[in-house]
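Read through the structure below, which is laid out as structure tokens, and then see the notes.
What follows is calculated from the coordinates using simple rules that are stated; it is not laboratory data. Computed from a prediction, not measured in an experiment: that's the story for all the values here. So basically every Cβ, Gly included, is an ideal-geometry build from the backbone, and we count neighbours across all protein chains shown.
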Amino acid sequence: MDADSLLLSLELASGSGQGLSPDRRASLLTSLLLVKRDYRYSRVLFWGRILGLVADYYIAQGLSEDHLAPRKTLYSLNCMEWSLLPPATEEMMTQTSVVKGRFMGDPSHEYEYTEVQKTNDGDKVFEEEVVIRIKEETRLVSIIDQIDKAVAIIPRGALFKSPFGPTHVNRTFEGLTLSEAKKLSSYFHFREPVDLKNKTLLEKADLDPSLDFMDSLEHDIPKGSWSIQMERGNALVVLRSLLWPGLTFFHAPGTKNCGYIYVGTGEKNMDLPFML
């Protein structure tokens, strides 16, 4: 959700219980403006909160002029002091895939797991147990990147791709109509397209290249991983992810008000295919 309209966005998303205390709201309003100024971001989004056993991580993201360029991620434990996180790498993803359970809330906390490695000594092969340590900060980077790629969403038309390449906010976007807002095909993944590149020219024939340049939610696997609900007398549409419980997207049809927030433990619902 956009930091410039933070209070309104939190109010619209509050139906899922994603609220913040008055002092946290006041701290965020002030500190995110300073983050935008100091880091020279085009826009700053309040991404959400990952719940830890000792403390919670508050996450914000900075966007450049090109909105589909890699986003810079920051975290804070008190909503005032923000630290920049490194970009996610494949090595981080592989390392942290073995870590399960809740976050502690301490970036310097280290998870330990034992890996069996084979070593050759002449003709003999020995198995050796090696203890590998993974910092919680590394796991935080990995989880945020996974959630972004899987469930960060934006309504169709909110972004506009210019013929020269960069993606900007569509100034003419006035919101989805009520009938469009009830369809999964009206929402896109807020990232570089993956499935779109595999479509044939015939499938792309009806697409508008300036608007339909991201992957649609209607083809998400497993099918049924999104819940769409109308609230406040059809004045608000709310999408909730069942794959990453805690992710809530909101949009008021006919207005520009839209955004998403994640408030959860950072754990993926691996049992979803068996629950549908």
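Laid out as a table, the results:
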quantity: Neighbourhood net charge (15 Å Cβ-Cβ; Lys/Arg +1, Asp/Glu -1) for Val99; calculated: -3
quantity: Helix axis angle, 22-39 relative to the chain longest principal axis, alpha carbon, degrees; calculated: 80 degrees
quantity: Simple label model, 7 Å out from Cα along Cβ direction - Met104 to Asp66, nm; calculated: 3.9 nm
quantity: Unit charges on C-beta of K, R, D, E only; dipole of the chain, Debye; calculated: 1020 debye
quantity: Within the chain, percent of DSSP bridges classed antiparallel, to nearest 5; calculated: 90 percent
quantity: For the stretch 1-125, share of DSSP beta bridges that run antiparallel, in % to the nearest 5; calculated: 95 percent
quantity: Within-12-Å neighbourhood charge of Val238 [Cβ basis; K, R +1; D, E -1]; calculated: +2
quantity: Inter-label distance, nm, simple model (7 Å from Cα along the C-beta direction), Leu178/Lys124; calculated: 7.9 nm
